1. Considering only the stretch 218-240, I want to know if a residue exists there that is under 19 Å from the mean Cα position of the chain (by Cα), surrounded by 21 or more Cβ atoms within 10 Å (Cβ to Cβ) and not in a loop (DSSP other than H, G, I, E, B).
2. Out of (1) at pLDDT 95 or above; (2) surrounded by 15 or more Cβ atoms within 10 Å (Cβ to Cβ); (3) within 32 Å of the chain's Cα centre (by Cα); (4) outside any helix (DSSP H, G or I), what's the single condition that is false for Tyr417?
3. Can you run down the residue pairs with Cβ atoms below 8 Å, 6 or more apart or on separate chains, where the first is in the stretch 228-257 and farther than 18 Å from Glu134 by Cβ and the partner is of a type in the set (Val, Ile, Thr) and part of a helix (DSSP H, G or I)?
4. Any residue at all in the stretch 245-266 that's closer than 25 Å to Met333 by Cβ and either under 17 Å from the mean Cα position of the chain (by Cα) or of a type in the set (A, V, I, L, M, F, W, C) (or both)?
5. For Thr208, indicate whether it is farther than 30 Å from Lys28 by Cα, of a type in the set (Ser, Thr, Tyr) and either surrounded by 12 or more Cβ atoms within 10 Å (Cβ to Cβ) or out of contact with any His (no Cβ under 9 Å at 6 or more places or on another chain) (or both).
6. Scan Ser62, Ser50 and give me the residue that is touching a residue at least 24 places away in the same chain (Cβ under 8 Å), among the small types (Gly, Ala, Ser) and closer than 24 Å to Leu132 by Cβ.
7. I'd like the full set of residues that are surrounded by 18 or more Cβ atoms within 10 Å (Cβ to Cβ) and either part of a helix (DSSP H, G or I) or among the aromatic types (Phe, Trp, Tyr) (or both), limited to the stretch 56-79.
8. In the stretch 125-149, how many residues are in contact (Cβ under 8 Å) with a residue 12 or more places away in the chain and not in a loop (DSSP other than H, G, I, E, B)?
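The values are calculated or read from the model by the stated rules, or taken from the named source; none is laboratory data. Everything quoted here is computed from the prediction, not taken from an experiment. Please note: Cβ atoms are built from the backbone with ideal geometry, for glycine as well, and neighbour counts cover all protein chains shown.
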Amino acid sequence: MESVIVWFRYDLRTSDHPALAAAVATKKPIIPLYILDDQTPGQWKAGGASRWWLHHSLNSLSEDLKAKGNRLILRRGATLSVFEQVIDEIGEIEGVYFTRCYEPYEVQLEQDLKSQLTARDIACHRFGGRLLFEPEAIKSNSGAPYKVFTPFWKACLNAPHKQPLAPPKKFAANPHTVNSDRLSDWNLLPKNPNWAEAFPSHWTPGETGARKRLAEFVDTNLKSYKEDRDRPDLPHTSRLSPHLHFGEISPRECWHVVTNAIEQAPHLSGPGSSFLRELGWREFSTSLLHFFPDLPLHPFRPEFKAFPWSDDKAAFKAWTKGQTGYPLVDAGMRELWQTGWMHNRVRMIAASFLVKHLLIPWQQGEAWFWDTLVDADLSNNAASWQWVAGSGADAAPYFRIFNPIIQGKKFDPDGTYVRRWVPELADLETKYIHAPWEAPDATRSDAGITLGETYPFPLVEHKSARERALSAFEKIKQKQ
C-alpha cells in the first residue's frame, strides 16, 4: 500500500498543522520525517542555543507521535539526498506533505524537491502554517509588498482569519520498518562545558510546553501586557517566541486563544490588541524576508552600504560578554548567555549600543544573536537589527540613539533587572545602579565595587558616542 511522507520542519506540532491534517485525510499510512540538514542553510544553519531547543522539541514531538500510534523518523544530511534514500527504502510513496518556509535557501530547496519528486511521479503538497497570512495575501492596492508596518497591519486586521485545526487523534504508521537516527547521536546538546545548564529552569520546549506557556500568559500576564511589556524587571511578556519559531504552536492558535479571551473579558481588549500587534511584527518581518531575500546580509536602504563602520574586536568581545560598563546593556547580554533569551526592550537597547555607540556592523550582532538565542529566527533577527541600525524597512530614525542610562531608569526603575544579571552591582544604591561611575567613591566602596576591577569603566562616553554616530550618519546622507 502506498504511504505518504509528512516532512516536519519549523512546524514541530500536531495541532493546527494543515500539512499533517491533509496527509491524515488521505487515510494512507504516514511516515513523519525530520531532516537535520546543516548543508543547505550554509551560514544560517542552526546556532548553538537553537540546537539545544531543537533536541528537546524533537524529543517532545517524538513522544506525541508515539501516543498517536506513529513514530518520528530522524535523518541527517542534505535534504534531497535524504529524500532519495528514504523513498528508495520504502518504495511506494504517493506524496510528500510539508509546511512552506520563507528563508531564501528553504524556498530554493522546496523548488528543487518538487522537481525531484515530480521526476519520480510523487506528488508534492505544500501548505501554509507558519504565519497568519501567506506573504502573497497581504499586499498594497498596487500589488506591491508593504514596506511600512502600520498599513501592513491594517491590511492583516481586515483580512479573514481562519480557525485553527484540531490535532488528529490517531493516524496509521507505515507497516515497513524505516530506519531512524538516534536523537542523542546528533549531539545537539552542549558538553564540556554545558553552557546551557540553566536553560531547563527557564524553558519547556515542545507543543505541550508551548500551549501551557500561552495559557499561563493569558490567565496571568495578558491584563498588564500593554503597560508592562517594556519592563525587563517584570515577568509580563509572553515568552512564546521560541515556541513560535520552532512551530510548536501556530500563530493562528495564539490569535484564536487571545481573541477568545478578549471576547469573554472585554477589559483585555487593549493589552490583547498590543499582543496581537506583536504577532503582526513577526508577520511583517517574514514578509520582508520573502520579498527581499537579501535582508539578512545587506542593508535594505542601499545608502547604508557606505556607512563608516568600525572594526573594534575588543569592544565587540566586551559587548558579547556583558562587560560594556553600561549596566542595562550588560544585564541583557548576560541574560542572553545564561538563558538563551533577552527581553525585547533590552534587545533594542543592547543592539543600539553595538551599532550606534560602538559603530560595529549590525551583521556582527545579528550573527551573535543567531548563535545564542533560542528563538533565533532569520526574518525577525535580520529585520530587527536593520530596524535598530536605521537601515531597514520602516526603521527607527538614524538619530534615535538609545541612552542606556535613561532607558534603565525608565524601564528598570528599581534596578531589579540589573541586580539579577549583574550581581557585582547588587549592593549599589538605586540612584546609581544604571551609572555606577557617577556614584561617590565611598558609595561604590561600600557596595564592593572597584571600577576597572570588579566592574568595567564604560567603553565609551554616551554623549561623545552619540555625536560620533550622528556624524557618521551625516556622511552617508551627503553621499546620497
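1. Within the stretch 218-240 (the criterion being under 19 Å from the mean Cα position of the chain (by Cα), surrounded by 21 or more Cβ atoms within 10 Å (Cβ to Cβ) and not in a loop (DSSP other than H, G, I, E, B)), the answer is no, since none of the residues qualifies.
2. Looking at each condition in turn, Tyr417 falls short on (4).
3. Pro232/Val346; Asp233/Thr416; Val257/Val218
4. Our first condition is that a residue be closer than 25 Å to Met333 by Cβ; within the stretch 245-266, this holds for 245-246.
Cutting the leftovers down to either under 17 Å from the mean Cα position of the chain (by Cα) or of a type in the set (A, V, I, L, M, F, W, C) (or both) gives us 245-246.
Yes, the stretch 245-266 has at least one match.
5. Working: farther than 30 Å from Lys28 by Cα: no; of a type in the set (Ser, Thr, Tyr): yes; either surrounded by 12 or more Cβ atoms within 10 Å (Cβ to Cβ) or out of contact with any His (no Cβ under 9 Å at 6 or more places or on another chain) (or both): yes.
Judged against the criteria, Thr208 is not a match.
6. On the way: Ser62 fails: closer than 24 Å to Leu132 by Cβ.
On inspection, the qualifying residue turns out to be Ser50.
7. Those that are surrounded by 18 or more Cβ atoms within 10 Å (Cβ to Cβ) and either part of a helix (DSSP H, G or I) or among the aromatic types (Phe, Trp, Tyr) (or both): His56, Ser57, Leu58, Ser60, Leu61, Ser62, Asp64, Leu65, Thr79.
8. Number satisfying all stated conditions: 6.
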